[in-house]
Amino acid sequence: MAKITIDYEKCEGADCAECVDVCPMENFEIEGDKIIICNQEECSLCEVCMDVCPNEAVKVEED
Ligand code: SF4
């Protein structure tokens, strides 16, 4: 099981949304101007979201 966290101090929200585009499990959604985590239990721990985030705002850990 994965634990995904977004550091909202660093996240650019809907203006960036790289993680939303790249996640194969559709774990991120845009809600207003914010990115939310919606499907955490489906995470495959591929870490692509961490790789594409320009601000190192996304963290994925094995829980
Ligand atoms: S690690 Fe992979 S599956 Fe999990 S949230 Fe990031 S991009 Fe999606």
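Quick note: the coordinates plus some simple rules give every number you see, no bench work behind them. Keep in mind the model is a prediction, meaning the values are calculated, not measured. Here the Cβ is made from the backbone with ideal geometry for all residues, glycine too, and neighbour counts use every protein chain on show.
Key figures
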| item | result |
| --- | --- |
| Test: residue in the stretch 13-27 that is near the ligand (Cβ under 10 Å from one of its atoms), part of a strand (DSSP E or B) and β-branched (Val, Ile, Thr) | no |
| Selection count where residues are in contact with a helix residue (DSSP H, G or I) (Cβ under 7 Å, 6 or more places away or on another chain) and outside any loop (DSSP other than H, G, I, E, B), scope the stretch 40-58 | 4 |
| Residue check for Glu31: without any contact (Cβ under 8 Å) to a residue 40 or more places away in the chain, exposed (fewer than 13 other Cβ atoms within 10 Å of the Cβ) and within 8 Å of the ligand (Cβ to nearest atom) | no |
| Met50 vs. criteria near the ligand (Cβ under 10 Å from one of its atoms) and out of contact with any strand residue (DSSP E or B) (no Cβ under 6 Å at 6 or more places or on another chain) | no |
| Conditions (1) touching a strand residue (DSSP E or B) at 6+ places or on another chain (Cβ under 7 Å); (2) more than 10 Å from the ligand (Cβ to nearest atom); (3) assigned to a loop (DSSP other than H, G, I, E, B); number of the one not met by Tyr8 | (1) |
| Restricting the stretch 34-63 to residues that are under 11 Å from the mean Cα position of the chain (by Cα) and of a type in the set (S, T, N, Q), the residue that is surrounded by the most Cβ atoms within 10 Å (Cβ to Cβ) | Gln40 |
